[in-house]
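Heads up, the thing below is written out as structure tokens.
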Amino acid sequence: MRVADAFSSGPALIVYLCMGDPDIKTTIEAARRVIAAGADLLELGLPHSDPIADGPVIQAAAQRAIAAGMDTDRYFQAAGKIEGIPKVFMGYYNMVFQRGVERFAADCAASGISGLIVPDLPPEEANPLMQACKRYDLDLIFLVAPNTPQQRAEEIAAMSSGFVYLVSRSGVTGARKEVLDSTRELIARVPAVRPRAVGFGISTPDQAAQMVAAGAEGVIVGSACVDLVGQGRLDKLEELVMGMKKEMIKVAPKR
Amino acid sequence: MMTTSHTSPLETARFGSFGGGFIPETLVQPLRELADAYLSLQADPGFLEELGELLSRFAGRPTPLCRADRLGQALGRRIYLKREDLLHGGAHKLNNTLGQALIASRMGKSRLIAETGAGQHGVATAIVGAKLGFETQIYMGEVDIERQKMNVYRMELLGAEVIPVRSGSRTLKDAINEAMRDWAGSYETTHYLLGTAAGPYPYPAMVRDLQSVIGQEARSQIMEQEGRLPDSIVACVGGGSNAMGIFAPFLSDPTRLIAVEAGGRGPGQTGRTADNGASLAFGSKGVLHGAMTKILQDPFGQILESYSVAAGLDYPGVGPQLAHLAETGRVLTRLASDAQAVRGFRYLSQAEGIIPALESAHAVGYALEEPQQLGDLCIINVSGRGDKDLHTVMEYEGC
Ligand SMILES: Cc1ncc(COP(=O)(O)O)c(C=O)c1O
């Protein structure tokens with residue numbers, strides 16, 4: 001399954017889960033429910049001790065997962081058991097670098113992961129991983145932020161594959177009440193040379209719909225889902241995903 | 001060639017295969033703006049004059065280069081001490097905070113944030129925040145707040161707010177994470193004042209250049225007093241700012257440069273904590289806090305906590321330029337254990353009448369162990385004074 005498949009039938013809902021929080025069984029069950037509820041793409045987070053781009057919710061989840069024994073070997077074993085929609089890896093570069101970019105890419109391919117998001121790897125540092133991704137036919141997804149200058153934003157959109165990740169606001173991951181005007185501006189100025197998915201701070205069906213109405217081809221929800229998994233509320237998780245998907249379809253441009 | 005003086009341009013973000021900028025996209029632009037500002041201010045006479053004046057009239061530069069006769073006699077060679085312990089604030093940290101705060105004010109920022117472990121860099125940041133009129137917030141791990149109550153009070157007295165960090169291991173590395181997270185959302189008004197020659201470009205080069213005033217002074221002072229370059233220079237290494245500061249002006253000389261890391265309790269590991277702070281000696285290549293460098297980590301890439309009796313050396317990474325210079329062999333890396341550092345602490349106190357910081361005491365402790373490595377003429381960088389450490393040493397010795 002390709003990352004692009006997630007965007008083929010309308011706006012894509014992308015759900016982030018932290019692998020192994022609180023244990024692998026729960027992540028696999030959460031993934032099953034999220035898929036059943038209509039998610040189009042899964043971002044499977046590999047917990048890191050020092051997640052500099054993440055807010056308190058995902059930090060805490062990563063810490064719980066590491067304490068419960070999550071590591072890169074177990075991550076790939078568990079990822080291989082999640083099926084139904086395309087999956088991408090989300091994690092910090094040191095975890096990739098320690099395994100070696102070649103072996104990491106091979107393990108992704110072998111466990112059915114079709115793309116990678118590495119939030120602390122800007123294009124300037126990405127060449128070794130990009131080459132490995134090409135060899136294993138994996139998408140490498142880059143991020144554009146509200147403060148990314150226009151020319152750079154266009155270059156990143158062009159070199160990103162699968163989709164381009166629009167960071168909805170400055171700061172770190174975590175739910176926010178307001179969808180900022182700057183997010184709308186970002187959607188308007190990043191060329192749609194490939195699907196554009198908006199993430200960081202989106203937590204409600206209404207916000208997801210606003211992003212789609214503003215022209216985004218995808219919406220990424222992380223902390224809100226991780227929070228519910230952390231509370232053991234998988235029923236609420238299912239409800240949230242269903243609600244988001246429903247509102248996104250309502251406002252989607254007719255094809 | 002790396003730059004060696006604080007007036008030469010930042011030529012590159014990389015030191016061999018180390019350095020770079022492994023950072024979220026949101027920080028790419030703020031770091032570029034910082035690099036641009038620093039590059040242009042380096043050649044700005046007004047800026048240099050203002051910094052020079054603050055360094056001399058406010059901070060007390062130049063610091064003396066002082067011959068240590070009794071220590072030298074005991075070791076059978078001539079030893080000089082570079083007295084950063086006499087700088088305002090009690091450590092070399094102010095050289096960097098004054099420079100960065102001036103850059104921040106030229107960039108129009110109104111707020112400073114910083115990380116601190118032991119509190120020395122936090123205090124040096126609070127000092128410049130007060131002196132130059134910034135709102136100042138210092139991130140500090142909860143564990144460190146508990147260990148360093150006096151410095152917390154000093155920072156507050158100086159008008160800074162200390163923000164407890166409850167994430168991760170609740171120590172220095174997590175305080176850096178938290179400061180970077182803050183900056184990703186606040187860069188428009190805020191400067192992140194990183195305290196050592198580590199982190200993403202331009203920090204390793206900028207902090208080195210701001211600290212290289214130590215080496216520039218030492219160079220002309222030793223020429224004046226001895227008429228020749230030293231055979232060796234010894235400095236302790238936490239992130240590497242006092243070491244790079246004194247080494248940088250000597251990089252193209254034959255002088256042997258010796259970086260002393262915290263050997264702690266030994267080379268092992270207890271749970272998820274290394275028994276040392278020696279990332280050059282025991283670490284492996286990886287990315288921490290935005291730079292490719294040497295770090296203490298597990299085989300999967302999770303960062304370990306570090307350990308040292310000296311809180312300022314308790315860091316699981318090191319600046320990328322030192323990692324590079326160690327790899328090429330230009331800088332020799334050596335260890336001083338907790339016990340050797342405490343020995344150096346006592347020795348310098350009794351032989352020279354100078355109570356060094358426990359960090360600096362690692363350099364002294366090493367010199368006592370391997371005097372034959374020092375040649376005939378050696379400079380030891382006394383990066384700070386030891387008043388802050390009396391309690392720790394008393395506890396260490398079971399008083
Ligand atoms: C007196 C003193 N020396 C040395 C250090 C270590 O830092 P660096 O390696 O950046 O000089 C510290 C850090 O707090 C310090 O306070």
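The values are calculated or read from the model by the stated rules, or taken from the named source; none is laboratory data. Worth saying up front: this structure is predicted, and the values here are computed from it rather than measured. Counting neighbours? That spans all protein chains shown, and the Cβs are built from the backbone with ideal geometry, glycine included. Heads up: the accessible areas ignore ligands, DNA and RNA and are worked out on the full protein's heavy atoms, side chains in. Shrake-Rupley method; radii C 1.70, N 1.55, O 1.52, S 1.80 Å.
Shown for the stretch B:104-183: the carbon plus sulfur share of the solvent-accessible area, taken with all protein chains present and a 1.4 angstrom probe, equals 51%.
Before we go on, tell me the buried accessible area for the B/A pair, both chains summed, 1.4 Å probe, in Å² to the nearest 100. Can you show the working numbers first?
On the way: alone 14810 and 10850 Å², together 22740 Å².
Approximately 2900 Å², summed over both chains.
For the cross-link pairs A:Lys81/B:Lys294; A:Lys87/A:Lys254; B:Lys82/B:Lys131; A:Lys134/B:Lys285; A:Lys87/A:Lys245; A:Lys81/A:Lys236, which exceed 29 Å when the distance is taken from alpha carbon to alpha carbon? Exceeds cut-off: A:Lys81/B:Lys294. The dipole here belongs to the stretch A:50-173: it is taken about the Cα centre, uses +1 on the Cβ of Lys and Arg and -1 on the Cβ of Asp and Glu, and is about 260 debye. Among the residues of the stretch B:297-336, those with an accessible-area drop of 10 Å² or more from chain alone to full protein complex, heavy atoms and 1.4 Å probe, are B:Gln297, B:Pro299, B:Phe300, B:Gly301, B:Gln302, B:Ile303.
If the viscosity is 1.002 mPa s and the temperature 20 °C, what Stokes-Einstein diffusion coefficient in µm²/s follows for the stretch A:158-248 when Rh is the Kirkwood radius over Cα pairs?
Details: Rh = 13.4 Å.
Result for D is 160 µm²/s.
Rounded to the nearest percent, how much of the accessible area of the stretch B:225-269 (1.4 Å probe, protein heavy atoms only) is carbon and sulfur? Walk me through the numbers on the way to the answer.
On the way: 540 of 1210 Å².
Carbon and sulfur atoms account for 45 percent of the accessible area of the stretch B:225-269.
Taking amide H atoms as placed 1.01 Å from N in the peptide plane, the amide H of B:Ser337 lies under 5 Å from those of B:Gly263, each 5 or more residues away in sequence or on another chain.
Identify the trypsin sites (Lys or Arg not before Pro) of the stretch A:134-197 meeting these criteria: DSSP loop state and at most 13 other C-beta atoms within 10 Å of the C-beta. Spell out each step's value before the answer.
Values: sites: A:Lys134, A:Arg135, A:Arg152, A:Arg169, A:Arg176, A:Lys177, A:Arg184, A:Arg189, A:Arg196; in loops: A:Arg169, A:Arg176, A:Lys177.
The qualifying sites are A:Lys177.
Entry note, chain A: relative contact order of 23 percent, from Cα contacts under 8 Å with a spacing of 6+ residues.
Using the crude model of +1 on Lys and Arg Cβ and -1 on Asp and Glu Cβ, and no other charge, please compute the dipole size for the protein assembly as shown relative to its Cα centre, in debye to 20. List each step's numbers first, then the result.
On the way: 63 positive and 74 negative charges, 102 e Å.
Dipole of the protein assembly as shown, to the nearest 20 debye: 480 debye.
Per-residue 3J(HN,Hα) values for the stretch B:153-165, derived from phi via the Karplus relation 6.51 cos²θ - 1.76 cosθ + 1.60 with θ = phi - 60°, read 5, 4, 4, 5, 4, 7, x, 8, 9, 9, 9, x, 9 Hz in sequence order (x marks Gly and Pro).
Could you grab the relative contact order for the stretch A:112-255? Cα pairs under 8 Å, six or more apart, rounded to a whole percent. Value for the stretch A:112-255: 18 percent. Computed over protein heavy atoms with a 1.4 Å probe, the accessible surface of chain A works out to 37 Å² per residue. Electrostatic tally near B:Ala104: other residues with Cβ closer than 15 Å to its Cβ, Lys and Arg +1, Asp and Glu -1, net -3. Under a cut-off of 19 Å between alpha-carbon atoms, report the aspartates and glutamates in cross-link reach of A:Lys250, not counting same-chain residues fewer than 8 places apart. Of all the aspartates and glutamates, those that pass the test against A:Lys250 - Cα under 19 Å, at least 8 places apart if same chain - are A:Asp40, A:Asp206, A:Glu217, A:Glu238, A:Glu239. Global size of the stretch B:141-268: 18.1, 53 Å for Rg and Dmax (C-alpha atoms, Rg to one decimal, Dmax whole).
The calculated FRET efficiency for the pair A:Tyr136 and A:Glu83, based on their C-beta separation and a Förster distance of 22 Å, comes to about 0.70.
Exposure here means at most 14 other Cβ atoms within 10 Å; with GluC sites (Glu not before Pro) in a DSSP loop as sites, the longest stretch of chain A lacking them is A:84-177.
Per residue, the convex hull spanned by the Cα atoms of chain A measures out at 107 cubic angstrom. Near B:Gln211, once Lys and Arg are set to +1 and Asp and Glu to -1 for all other residues with Cβ below 13 Å from its Cβ, the sum equals +1.
Can you give the local net charge around B:Leu335? Use residues other than it whose beta-carbon is closer than 13 angstrom to its beta-carbon, Lys and Arg +1, Asp and Glu -1. Don't jump to the answer; show the numbers that get you there.
Values: positive: B:Arg265, B:Arg334; negative: B:Glu261, B:Asp275, B:Asp338, B:Glu369, B:Glu370.
Counting the neighbours of B:Leu335, the net charge comes to -3.
The mean sequence separation of alpha-carbon pairs under 8 Å and at least six residues apart, normalised by the residue count of chain B, gives a relative contact order of 19 percent. Using only alpha carbons, the protein assembly as shown has a radius of gyration to Kirkwood radius ratio (Rg to Rh) of 1.01. Placing +1 on the Cβ of every Lys and Arg and -1 on the Cβ of every Asp and Glu, with no other charges, gives the stretch A:149-255 a dipole of roughly 220 debye about its Cα centre.
What the phi angles of the stretch A:103-116 give under the Karplus curve with 6.51, -1.76 and 1.60, with θ = phi - 60°, is a coupling list of 5, 5, 5, 4, 5, 4, 4, 5, 9, x, 7, 10, x, 9 Hz, glycine and proline written as x. Computed with a 1.4 Å probe over protein heavy atoms only, the accessible surface of chain B comes to 33 Å² per residue.
Just the number: Rg to Rh for the stretch B:18-128, Cα atoms, Kirkwood Rh, two decimals. Show your work: numbers first, answer last.
Details: Rg = 17.8 Å, Rh = 16.5 Å.
Reported Rg/Rh, Kirkwood definition of Rh: 1.08.
Within the accessible surface of chain A, defined with a 1.4 Å probe on protein heavy atoms only, the carbon and sulfur portion equals 53 percent.
Once the dipole of the protein assembly as shown is set up with Lys and Arg at +1 and Asp and Glu at -1 on Cβ about the Cα centre, which of A:Gly174, A:Gly232, B:Phe247 lies farthest towards its positive end? The one lying farthest along the dipole's positive direction is A:Gly232.
Here's how it looks for B:Gly195: its modeled amide H is under 5 Å from those of B:Glu115, which are all 5 or more places away or on a different chain. Applying the Karplus relation 6.51 cos²θ - 1.76 cosθ + 1.60 with θ = phi - 60° to the stretch A:73-79 yields 3J(HN,Hα) values of 4, 5, 4, 5, 4, 5, 4 Hz, where x marks Gly and Pro. Each stretch of four or more DSSP H residues adds -39500 (n - 2.57); spread over every residue of chain B, this sum gives -12500 deg cm²/dmol at 222 nm.
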